[in-house]
1. What ranking do 62-74, 227-239, 25-37, 434-446 get when scored by the average of other Cβ atoms within 10 Å per residue, highest first?
2. Using a probe of 1.4 angstrom, how much of the accessible area of the range 31-133 is carbon and sulfur, in percent?
3. On average, how much accessible surface per residue is there in the range 115-154, in Å², for a 1.4 Å probe, leaving out ligands, DNA and RNA?
4. Calculate, for the range 391-433, the solvent-accessible area per residue in square angstrom, rolling a 1.4 angstrom probe over the heavy atoms of the protein chains.
Amino acid sequence: MDGTGSSRSRMHVVIFPWLAFGHLLPGLELARRLASRGHRVSFVSTPRNLDRLPPLPSTFAPSVDLVPLPLPRVDGLPDGAESTNDVPPEAFGLHRKAFDGLAAPFAAFLDAMCGQEETKPDWVFVDTFQHWAAAAAAARKVPCAMLLHCPASMFAAIAGQPLPAQAGTGQHQAAAPAAPRFETEQQRKMFGVEDDSGVSVTKRLFLTLQCSSLVAMRTCVELEPDALARLPTLFGRPVVPFGLLPRDENDGSFDRHGVVGAVRAVMLEEESRRVFQANAKKLQESVADKECHESSPCFSKQAKQGSGRLCTYNKSLKTLLHRFPRLAFAGLLEMDADSSTMHIVIFPWLAFGHLLPCLEHAERLAARGHRVSFVSTPRNLARLPPVRPALAPLVDLVALPLPHVDGLPDGAESTSDVPFDKFELHRKAFDGLAAPFSAFLDAACAADGTAGNPTGS
């Protein structure tokens, strides 16, 4: 929706991110993009966080109001600790407790905005942590969108947990069946426990969801088609991807030349330029689906009407490729390569949030005729879904037994098997795979005359 026409054809959007720069920076980029279309944005956070944000371009700054709400003092929370960067992990609960103290100031801000027709917000965008902000918007009949900045696949797992008891009923809503059990169990351990704030992260999410008209996610259909398709049923709300929000390189946050230089140094340290160029070009041709890099651009007028059918301008992948054309393969994609097939080794971290996407990646490579060696531990490989029969001959599952480490539970091969206080032991056991993996590579490279050297890992 463009911001042309009368003053009330412009939207007034309130954006209130969680106090973490992984939420604040994308939220500010969303504000900038709304302002570039002529809409007014009130961007709410605490004073010190606002001071640390990069300045907006001068052409958009008049349309974005930075609204500071001082963070209340909480005993045990370090002075000046306003973002998660300032807070040690053991004080995260206290940080959320202080954040909850912004409920009354935020409600007062909304009252002031709703007091005049020309300043009344058309939408309030809030993170999952401030359920009280979503409730304040609902009480003033302002439609609210819940912002999610993590992958759709992660929230599909979280959404598979049972909803908290409905107020006054004591009854739980049944869990949606789509999320895998090991994912929901892991997420419940991480987010389902009450902290010093008195409210678990999971409960915050569902309380926010109950007061929201829709869910807006920082992702795109091209990246997560299956997970996004599940979420409307799991959440019971429309789910709208608003793109990846890549930062503008002109603000200094991402210097593509510096990033590319670092990546090039790492990638070429032990590789000859000619071989790496050829392999990178083949990998690009094998994986890239260029026709899927752009989705339909729209910012629907229904958003202005609060209908819950918010569509945002999304050129996510195309924008990334346009701004950082050399990032993916360190600027070495210009070389032509022959049409021979590749042998690619994929060795994911021992977590199903890594294993499952990498297995899908292996199948897509196999579908293009390439051979893949997929490396993990025996129990993790046994728990993966089977590779499609037509592709199975090209995907070799390589089992490397996880070494025993004192204190690590028997059979604990993925992060879903490991309690939080044993994560370091799990990583220690994982490091014990260095020698077996080197031996596997030696064997694979020695088979040059039969299967071909691995060309990527």
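1. Numbers: 62-74: 16.4, 227-239: 18.8, 25-37: 21.7, 434-446: 12.9.
Highest mean packing first, the order is 25-37, 227-239, 62-74, 434-446.
2. Working: 2370 of 4330 Å².
The value for the range 31-133 is 55 percent carbon and sulfur by accessible area.
3. On the way: 1340 Å² over 40 residues.
Roughly 33 Å² per residue, with all protein chains present.
4. Numbers: 2350 Å² over 43 residues.
That works out to 55 Å² per residue.
The values are calculated or read from the model by the stated rules, or taken from the named source; none is laboratory data. These numbers come from a predicted model, not from an experiment. Quick reminder, even Gly has a Cβ in these numbers, built from the backbone with ideal geometry, and neighbours come from all protein chains shown. We work out accessible area using only protein heavy atoms, side chains counted, and drop any ligands, DNA or RNA first. Shrake-Rupley method; radii C 1.70, N 1.55, O 1.52, S 1.80 Å.
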